[in-house]
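Here's the structure we're looking at; comments come further down.
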Amino acid sequence: MAETTVRKLIVEVINAKNLMPKDGQGTASAYAIVDFDGQRKRTKTKSRDLNPQWDEKLEFLILDKESMVSETLEVNLYNDKKTTGKRSTFLGKVKISGSTFVKLGEEVIVYYPLEKRSVFSQIKGELGLKVCYVDEILPVTETAGDEKKEEKAEEKPAETVAEVAGDEKKEEKAEEKPPETVAEEAVDEKKEETPNPVVTTENQKPKEETPAPATPPAAEIVSPPMAESEKMKIKEKQFEIIQKRAELNVRDHELRSLSNDRSRSAYDLVDRMAFLYVRVVKAKLSAKPDEKASTLFSKLVIGSHSVRTKSETEGKDWDQVFAFDKEALNSTSLEVSVWSEENKENDQKTESSLGTVSFDLQEVPKRVPPDSPLAPQWYTLESEASPGNDVMIAVWIGTQADEAFQESWQSDSGGLIPETRAKVYLSPKLWYLRLTVIQTQDLQLGSGSEAKVRQPELYVKAQLGAQVFKTGRTYLLSSANPTWNEDLVFVASEPFEPFLVLTLEDVANSKSIGKTKIHVSSIERRLDDRTDVKSRWFNLCATDENNSYTGRIHIRICLEGGYHVIDEAAHVTSDVRASAKQLTKPPIGLLEVGIRGATNLLPVKTKDGTRGTTDAYVVAKYGPKWVRTRTIVDRFNPRWNEQYTWDVYDPCTVLTIGVFDNGRFEKDVAKSHRDVRMGKIRVRLSTLDTNRVYVNSYSLIVLLPGGAKRMGEIEIAVRFSCSSWLSLMQAYTNPILPRMHYVRPFGPAQQDVLRQTAMKIVTARLARSEPALGHEVVQFMLDSDTHVWSMRRSKANWFRLIGCLSRATTVFRWLDGIRTWVHPSTTVLVHALLIAIVFCPYLILPTVFMYAFLILILRFRNRPRVPQNMDPRMSYVDMVSFDELDEEFDGFPTTTSLEAVRIRYDRVRTLAGRAQCLIGDVAAQGERLEALFGWRDPRATGIFAVMCLVMSLVFYVVPFKGFVLLAGFYYMRHPRFRDDMPSISVNFFRRLPSFSDQIM
């Protein structure tokens, strides 16, 4: 019996909320029609209910598993026409991309806001759906083939039956009608043409005819024993539908923007590099080798370049591809030889040649994709000792766009060294795990004298992997159970840790009272705050060998999928999507990065003890995808010419590219050796024009304990493509983070702890890859040290603040110049402007916005044309002392001498004292303002009260225009009418009391 795998899409329509009334009586009778890949099914009608509850499951067949992510599920809500007697009205629709479909078991209720059909539609509400897919294994037998065909015909959606029963003219007219109208007309026509047949078998009497339902259910029922001609018509119609669908997919693919077509834009941002490809498949020996000759291998020699394949026993294939940089070749011939390796008794190995074959590189054919791969051929090995041996190889010249490049061993990367190959890494998928500890009951604390004397002080400790959090302390009272109601939030990564361990402990003696384990994989998942998570009771057991019952604990636990787990510094965010796949929206664009090469790299290590060398590679990080280029060994001007792509979901994100020296691939170097960082650059996507290629060189500057050092330059090409300008503009109006970050936000301190925990998880997971991406590389790319104290960063941030305030002070200086009549002509013009504003106030806002528009237009010509990189001057890397740099690179706890720590502490005390005084002065101004209304100074508050009364009478008598005009003239009065002393209002405000005198 053969088996076949069928993938089905399961759509569970749960409910709808706050629908728009459409029946003229303040209600609506809603039903849903679900369309997927040409299949259409509908739910039941819920009469007169603006919050209908369906709970119906609809199944759809996924015809092509690979194209599932590109399909779209559409759900339309309609008001049933039978309840109003009018035409069915539209209540809203929901479109879900196939990329958000999850497997069976991971589905969660997601509430989608209903979308409008047009701008003038009046739609509101949301629709709750569960969407998942499942792969079912179905047995296929020859005898049951006809029955399965008939069952598939039964499961045909109503739209397919309507197409079989109708004609093309009616299909064209059906486009103007609601979907349910089309289905009903098709059913009525089907009933008129063919009545329900009667099913008969040998051992069963004929069944009575049953009338067809008035409204079609999820799918139209087709009787199994059909006539052969009708079956053939249905098959032909199905074939036509599939063919039309394929033609539409082809047309849609052709109409896509060039930016979304990855195949046509591959390797167009980098230079094409010529490589000599050699595929060594296997060898065939004329005579059976000696039993001691256990393995065979092959050698490839081109001038000074030499590499060997892996060793295999006779009859096994090597099937390895080698790529030689054509520009670096110093010979015109390629020699391929086969060797046998014999194992001696004393564990020594001897090698003997079985023959050699040579190739003239001038006659090697060239291959350019999409040409088919070159077929390997048998070549006879030339050997006097063992003639008649053959080797199967293929030799051609191609570029890095060749399919074989990714699986080949490049000569400029040192040959068969896994640590030097290009790799793509993925960050682990992270979730927030929220644990709410409510209370405990029925605790068994024992009957000792200590428990009777004192009240135990208890707390709950929760541990997930290396993360440990504790609740606050609470006393066990005789009349109540310990209650906490505290939230503990963890960072969980897939695959999840097996258990979450809860322990109830006593503070006094650190004694464990009870313990329980919870399977993380069984924890409920929640996508928003509207889904209620049920609380659960768990038994606490003693930690001793008896494992006895000691009480129970009441908790609420869930995996939060509505948050984005932040695993990088806030200023270099590259991904803002929620953890749950169901909440991910389709990408709005494509980011393509061509890593071309580097120039004038400095040596960072010595080779052979005398000569400096650099083995450079590049790491690019955007979203969860990490890209690592191949390591080019022993070159100061490496040329990678590798191109990579990322999907873009938010344009206001940052691409990070770092250059490193590979120190892990050398065999004689200890495993603890670290890769040396040589600098990094950042590119913010929002600063790039769409569909434009930026090819620029950036300086690589790295900050070392000895100061800033320029390590060379890197050349990259960047292109941000977007097919929909409207989607790009709409992204600027959406919130930066998912909804849960605003509905139930984390505090700043808790968010910082969770960010550092997520960084550690990502670092540990990538360090366990093969080949590993070192923790020093990951931390450097994620900027994991931004929370560490740094005098240099403090100065940089201070001067950034001063720079922003200086623009405001410029305005105040301009106003002061007008006020003091520095330029009399300007002051006279401002007087005229004041009069115009007072008598024509409706021109204030138009004038302000027009002035801003003209300024922006004038500055358009001077806009930045090159993506900005990190600025050494703004970072103050050249204006910091060596002691301050040494403090920045010092870890926790410090490893410096006590004298150096004392000096640093005194310096921090000095800066903190200045900041302390500044904070106190700012707080005093606010406290003085509060003192006006607090009667702390009765005389001052009384004066202010009398002044308020007088001003109310003045403003009642004097028109507001006149007051503004007089106030403006008084402010801009000539200096001869001014006094050098502070004004009365300033003197009065400065005499108000603050709380500074109450601080000890």
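The values are calculated or read from the model by the stated rules, or taken from the named source; none is laboratory data. Keep in mind the model is a prediction, meaning the values are calculated, not measured. We place every Cβ from the backbone using ideal geometry, glycine too, and count neighbours over all the protein chains shown. Remember, those area values only see protein heavy atoms, side chains included, never the ligands or the DNA or RNA. Shrake-Rupley method; radii C 1.70, N 1.55, O 1.52, S 1.80 Å.
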Filtering region 765-779 down to residues that are assigned to a helix (DSSP H, G or I) and over 19 Å from the mean Cα position of the chain (by Cα) yields Ala767, His775, Glu776, Val777
Of (1) open to solvent by less than 10 Å² (accessible area, probe 1.4 Å); (2) part of a strand (DSSP E or B), Tyr563 satisfies every one except (2)
Exception for Ala940 within (1) under 54 Å from the mean Cα position of the chain (by Cα); (2) in contact (Cβ under 8 Å) with a residue 12 or more places away in the chain falls at (1)
Does Thr543 count as out of contact with any strand residue (DSSP E or B) (no Cβ under 6 Å at 6 or more places or on another chain) and either modelled with pLDDT under 85 or part of a loop (DSSP other than H, G, I, E, B) (or both)? no
The residue that is surrounded by the fewest Cβ atoms within 10 Å (Cβ to Cβ), considering only those in region 786-799 that are assigned to a loop (DSSP other than H, G, I, E, B) and out of contact with any helix residue (DSSP H, G or I) (no Cβ under 7 Å at 6 or more places or on another chain), is Trp789
Residue within region 88-109 that is out of contact with any Lys or Arg (no Cβ under 7 Å at 6 or more places or on another chain), charged (D, E, K, R), under 30 Å from Val520 (Cα atoms) and open to solvent by 60 Å² or more (accessible area, probe 1.4 Å) present: yes
Flagged pairs (Cβ under 7 angstrom, 6 or more apart or on separate chains; first in region 116-129, more than 20 Å from Arg526 (Cα to Cα); second among the basic types (Lys, Arg)) are Arg117/Lys93; Ile123/Lys116; Gly125/Lys17
Within region 800-847, the residues that are among the basic types (Lys, Arg) and loosely packed, with under 13 Cβ neighbours inside 10 Å are Arg800, Arg807, Arg813
By residue number, the members of region 413-447 that are part of a loop (DSSP other than H, G, I, E, B), open to solvent by less than 30 Å² (accessible area, probe 1.4 Å) and under 30 Å from Val520 (Cβ atoms) are Ser427, Pro428
Would you confirm whether or not region 954-963 contains a residue that is open to solvent by less than 50 Å² (accessible area, probe 1.4 Å) and not in a helix (DSSP H, G or I)? no
From the option list Trp318, Trp339, Trp378, single residue qualifying as touching a Phe, Trp or Tyr at 6+ places or on another chain (Cβ under 9 Å), open to solvent by 50 Å² or more (accessible area, probe 1.4 Å) and over 11 Å from Tyr277 (Cβ atoms) is Trp339
Next on the checklist: Criterion first (closer than 30 Å to Gly706 by Cα and out of contact with any helix residue (DSSP H, G or I) (no Cβ under 8 Å at 6 or more places or on another chain)) does Leu898 satisfy it?
Outcome noted: yes
Picked from region 45-66 (must be among the basic types (Lys, Arg) and either in a loop (DSSP other than H, G, I, E, B) or more than 19 Å from Lys22 (Cα to Cα) (or both)), the residue most open to solvent (accessible area, probe 1.4 Å) is Lys57
Subset of region 720-745, residues crowded, with 18+ Cβ neighbours inside 10 Å and in contact with a Phe, Trp or Tyr (Cβ under 7 Å, 6 or more places away or on another chain), comes to Pro738, Met740, His741
Over region 673-693, the set of residues part of a strand (DSSP E or B), surrounded by fewer than 18 Cβ atoms within 10 Å (Cβ to Cβ) and not hydrophobic (A, V, I, L, M, F, W, C) is Arg684, Thr690
Of (1) open to solvent by less than 50 Å² (accessible area, probe 1.4 Å); (2) under 26 Å from Gln779 (Cβ atoms); (3) out of contact with any strand residue (DSSP E or B) (no Cβ under 9 Å at 6 or more places or on another chain), Gly920 satisfies every one except (2)
Requiring at least 3 residues that are small (Gly, Ala, Ser) and either modelled with pLDDT under 90 or open to solvent by less than 50 Å² (accessible area, probe 1.4 Å) (or both), the strands (runs of 3 or more DSSP E) wholly within region 568-647 are 589-599
Quick count over region 879-900, residues being part of a loop (DSSP other than H, G, I, E, B) and loosely packed, with under 10 Cβ neighbours inside 10 Å, is 5
Considering region 806-856, residues that are among the polar types (S, T, N, Q) and farther than 15 Å from Gly968 by Cα, and then whichever is modelled with the highest pLDDT, we arrive at Ser825
Output for Cβ contacts, cut-off 6 Å, separation at least six or different chains, first residue under 16 Å from Val986 (Cα atoms) and of a type in the set (Lys, Arg) in region 925-936, second at pLDDT below 90 and surrounded by 13 or more Cβ atoms within 10 Å (Cβ to Cβ), reads Arg928/Leu992; Arg928/Ser994
Here the qualifying pairs (Cβ atoms under 7 Å; residues six or more apart or on different chains; first in region 865-883 and under 30 Å from Thr690 (Cα atoms); second charged (D, E, K, R) and surrounded by fewer than 17 Cβ atoms within 10 Å (Cβ to Cβ)) come out as Pro872/Asp878
Worksheet item: Do the conditions hold for Asp80, that is, is it surrounded by 18 or more Cβ atoms within 10 Å (Cβ to Cβ) and either under 19 Å from Gly128 (Cα atoms) or at pLDDT below 90 (or both)?
Response: yes
Restricted to region 15-44 and to residues being open to solvent by 40 Å² or more (accessible area, probe 1.4 Å) and of a type in the set (S, T, N, Q), the residue farthest from Val94 (Cα to Cα) is Gln25
Scanning region 844-878 for residues that are among the β-branched types (Val, Ile, Thr) and in a helix (DSSP H, G or I), the one nearest to the chain's Cα centre (by Cα) turns out to be Ile857
